[in-house]
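Reviewing the structure listed below.
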Amino acid sequence: MARPKKKLYIRTFGCQMNVADSELMAQVLGEEYELTAHAEEADLYLINTCAIRRKAEEKVKSLLGSLKFLKQQRPQLLLGVGGCVAQQEGERLLAAAPHLNLVFGTKGIYHLPELVGRIARGERVVDVGLNRDCPELPRRAWLPGTFQTMVTIMRGCDNFCTFCVVPYVRGREASREPDAIIAEVADFLAAGGQEVTLLGQNVNSYGRGLAETITFTQLLRRLNGLPGLSRLRFATSHPRDLSPELIDAFGELDALCEHLHLPVQSGTDRILKRMNRGYTHEHYLEKVAALRRACPGIALSTDLIVGFPGESEADFVQTLDLMRAAGFDQSFSFKYSPRPQTRAATYPDQVAEEVKAERLARLQALQDELTLKSHARLVGQEHEVLVEGFSKRSIEELCGRLRTNQVVNFSGPRELVGSLTRVVITEAHPHSLKGRRVQGLDHLVSVGRSA
Ligand code: SAH
Ligand code: SF4
Ligand code: F3S
């Protein structure tokens, strides 16, 4: 009889790349460990960390502190910290937390079985090498009923935006071979998958350094041709490298969803220059206009930083102007947070915390207005929805996403979870939509664009 597997609990912080990496961790450890949702029964507890802002790093450190008690109750528990804070802090984490067994960096996932073997034998281990390669892992398997997945297509970042820690904690850019990506997506579709999100810090530069000459748009075209793929998304795209061919792809590829996350960070040329972003206010809006010409229904989301060093009130107002001009459907906004090793952290003209807080509140109030307007425009329209689960309020109600990424709640049978249906939007709310399912037509609509 097979030996029962030990229990693995993973707590994930940070971006989608970390969510995908946690899945890989479970996969590479799969021979010996199975995932549990209950931390108290774990034999191995891994924290996958994020270092993007100071707050993210502090959360990890406070969780690590609180795990002392769990370790006292279960002395045999093995505890590991991986991801971006682990990469940044390395040895220091192990020194600060005597109850910690393992620190592994963002490339350490590949060596996890060996590292865990060593800590099980009583060693305390640090592995924060940042070698360039990203070897292929064993083929992924999806739990039955999985209809959405993320596929990492590249790792690292070479852009060195002056505020950002990612190039230091994720290392140099490296793309996966296209055939490996296509095989993974094909496997997922064969297992009943519907929606794939391709991940990389800067997907537009996908392909650099590969033996085969391939651009990101060519990769999208190859994936679009796979039978059974209903929805294709990707994140994140850098505005400087958004090519005309990629813009055109939004109007051409059936599976490619009509939504783009295009982080602008600031609306002022002077600040964009100091951020090393490589585009201007005007360039950004030109790309937005080209996207809307190629794909009139496209939804746009962005990331914004307020209070970057040297940002004046006039600079900030230009950011608000750009938000209005671009008409963002959604945005994620942050107070600038100085990060270790980054250039902007050394700039002398840091902005006061109260000023950052005040600007963030104003920016978010404007985004709420823009989001509500964008939601209101959808009322009365019929859209394709991928049913993702149940609404937050009630399991009587289903919840799904439009191709343009907005969340919609509507009544319908629970059997629809994981499939496509059509919904007429009836109400616009600040964070979601309400809709009514179009009855009787579901059998006719399995794939198709609606925007
Ligand atoms: N690769 C993506 C960004 C990944 S980080 C891109 O280039 O767009 C996600 C977001 O965190 C960034 O877009 C930025 O808005 C925010 N961010 C990164 N570093 C930050 C910092 N030091 N302070 C505040 N926000 C930051
Ligand atoms: Fe960070 Fe810039 Fe790279 Fe994005 S592109 S991960 S913001 S350095
Ligand atoms: Fe955070 Fe690392 Fe992602 S710093 S945002 S988890 S790449």
*Go through the stretch 200-245 and give me each residue that's touching a Ser or Thr at 6+ places or on another chain (Cβ under 7 Å), within 16 Å of ligand 1 (Cβ to nearest atom) and among the charged types (D, E, K, R).*
ARG208, ARG233, ASP241
*State all residues of the stretch 319-341 that are buried (at least 18 other Cβ atoms within 10 Å of the Cβ) and in a helix (DSSP H, G or I); if no residue qualifies, say none.*
THR319, LEU322, MET323, ALA326
*asked:* Can you list residue pairs whose Cβ atoms sit under 7 Å apart, with the first residue in the stretch 142-170 being without any contact (Cβ under 8 Å) to a residue 40 or more places away in the chain and the second being within 11 Å of ligand 2 (Cβ to nearest atom)? Count only pairs 6 or more apart in sequence or on different chains.
replied: PRO167/CYS157; PRO167/ASP158; PRO167/ASN159; PRO167/PHE160
*Does the stretch 217-235 include one or more residues that are touching a residue at least 60 places away in the same chain (Cβ under 8 Å) and more than 23 Å from HIS383 (Cβ to Cβ)?*
yes
*Can you tell which of ARG124, ARG139 is surrounded by fewer than 14 Cβ atoms within 10 Å (Cβ to Cβ), more than 18 Å from GLY108 (Cβ to Cβ) and more than 16 Å from ligand 2 (Cβ to nearest atom)?*
ARG139
*Restricted to the stretch 166-199, and to residues that are within 16 Å of ligand 1 (Cβ to nearest atom) and of a type in the set (D, E, K, R), which residue is nearest to LEU24 (Cα to Cα)?*
ARG170
*Starting from the stretch 360-377, take each residue that is within 19 Å of ILE425 (Cα to Cα) and list its partners that are in a helix (DSSP H, G or I), counting only C-beta distances under 7 angstrom and pairs at least six apart or across chains.*
LEU370/MET323
*Considering every residue within the stretch 190-201, establish whether at least one is surrounded by fewer than 16 Cβ atoms within 10 Å (Cβ to Cβ), over 26 Å from VAL387 (Cα atoms) and modelled with pLDDT under 95.*
no
*Counting only residues that are touching a residue at least 40 places away in the same chain (Cβ under 8 Å), in a helix (DSSP H, G or I) and small (Gly, Ala, Ser), how many does the stretch 278-304 have?*
2
_Checking LEU130 against (1) surrounded by fewer than 18 Cβ atoms within 10 Å (Cβ to Cβ); (2) over 30 Å from PRO309 (Cβ atoms): exactly one of these is not met. Which one?_
(2)
*Which condition does THR149 not pass, out of (1) assigned to a helix (DSSP H, G or I); (2) crowded, with 19+ Cβ neighbours inside 10 Å; (3) away from ligand 1 (no atom under 16 Å from the Cβ), if it passes all the others?*
(1)
*So which strands (runs of 3 or more DSSP E) are wholly in the stretch 1-87 and hold at least 1 residues that are surrounded by fewer than 21 Cβ atoms within 10 Å (Cβ to Cβ), among the small types (Gly, Ala, Ser) and not assigned by TED's automatic domain parsing to the domain that holds ILE109?*
none
*asked:* Looking at LEU79, LEU35, can you tell me which residue is touching a His at 6+ places or on another chain (Cβ under 7 Å) and in contact (Cβ under 8 Å) with a residue 24 or more places away in the chain?
replied: LEU79
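The values are calculated or read from the model by the stated rules, or taken from the named source; none is laboratory data. These figures come from a predicted structure and were not determined experimentally. For neighbour counting, all protein chains shown are included, and Cβ atoms are generated from backbone atoms with ideal geometry for every residue, glycine included.
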